[in-house]
1. Using only the alpha carbons of the chain, determine the length spanned along each of the three principal axes and report them from longest to shortest in whole angstroms.
2. Ranked highest first by average number of other Cβ atoms within 10 Å, how do 53-64, 213-224, 258-269 line up?
3. Taking the Cα atoms of region 162-230 alone, what are Rg (to one decimal) and Dmax (as a whole number) in Å?
4. Magnitude of the Cβ-charge dipole of the chain, K/R +1 and D/E -1, about the Cα centre, nearest 20 debye?
5. With no solvent and one point on each alpha carbon, what is the Debye value of log10 I(q)/I(0) for region 60-217 at q = 0.08, 0.13, 0.14, 0.18 Å⁻¹?
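Since every read-out is calculated from the coordinates, none of them should be taken as a lab result. Fair warning: this is a prediction, and the values are worked out from it, not measured in the lab. Here the Cβ is made from the backbone with ideal geometry for all residues, glycine too, and neighbour counts use every protein chain on show.
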Amino acid sequence: MTLPLPSEQPCGVHHFRIGDLVVSAINDGIFEVTLDVMAHDRADAERLQRAHFRREPPRITINAFLVNDGRTLTLIDSGCGTIGGPKAGAFGRHLERLGVRPEMVGRILVTHMHIDHISGLVDGEGKPVFPNAEVVCHEEEARFWLGEPPAGAPDALREAFGIAKRGVLPYRERLRTVKGGEVAPGITLEPLPGHTPGHSGYLLRSGREALLMWGDIVHMPGVQFAEPKAGMVFDIDPDLARATRARMFDRAASERLRVCGAHLDFPAFGHVVRDGAGYRFIPEVWYPDV
Ligand SMILES: [Zn+2]
């Protein structure tokens, strides 16, 4: 008797309870990259990748999140939609399998307007997927990406502006921009600027539990926890991104704050602890009940 070898995971969804909420990590897929995406000494990045038994060539995991408080369905980011390449864009399929129809989503919290965070807001024709959702983001994020690229911007940055507009402009009538603070009951926007001007995390609180979805504080877990100064070439303000990552790691470790992230290894929930001169990520343990 034979059984075909599996070629993909049976499920890209993982539920995690935070007080009265259930937060679901939903994997959108991966980007296959090279270490050229890192703004860091190449040999050191390779050394750290090997030390953490990372795939070569490297991969970047892409996650988005669903928050269910029993009343409103809230998304945090939306994956790559139809434009992230052959190994990304599964977010919508996973939502469907969970029984979430697009019209059921009431709110979408955007960490920032890069391709892998806002492209799932629209379909292959650029039409809005979620007819009833308001979209929330930091006002600097909207001002930057929905404006014109800086004079002399390289082609890749110009293209990123087009991608941001494609994902978000169809929602312009229901876009709510904020400076920070509470954006929904129990959900606070935390500005985490640097990767992009209005890059933001969302802190969820319920009862005595908390979870910070920190967006793109980390893209390459094998390198950046050990070496927080290692940046990414698509950081808009690299020095500010480094400073924000250092501040975030310090806070998460000091406060024993549970975090999740768009590019942490699926299912992406865990804690940050100090380890020598750097940090280490300790994933949450999987249990069968939620
Ligand atoms: Zn990202």
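1. Reported extents, whole Å, longest axis first: 60, 47, 47.
2. On the way: 53-64: 17.7, 213-224: 25.6, 258-269: 22.8.
Answer by packing, highest mean first, reads 213-224, 258-269, 53-64.
3. 14.8, 43
4. Using Cβ point charges on Lys, Arg, Asp and Glu, the chain gives about 400 debye.
5. -0.21, -0.56, -0.65, -1.11
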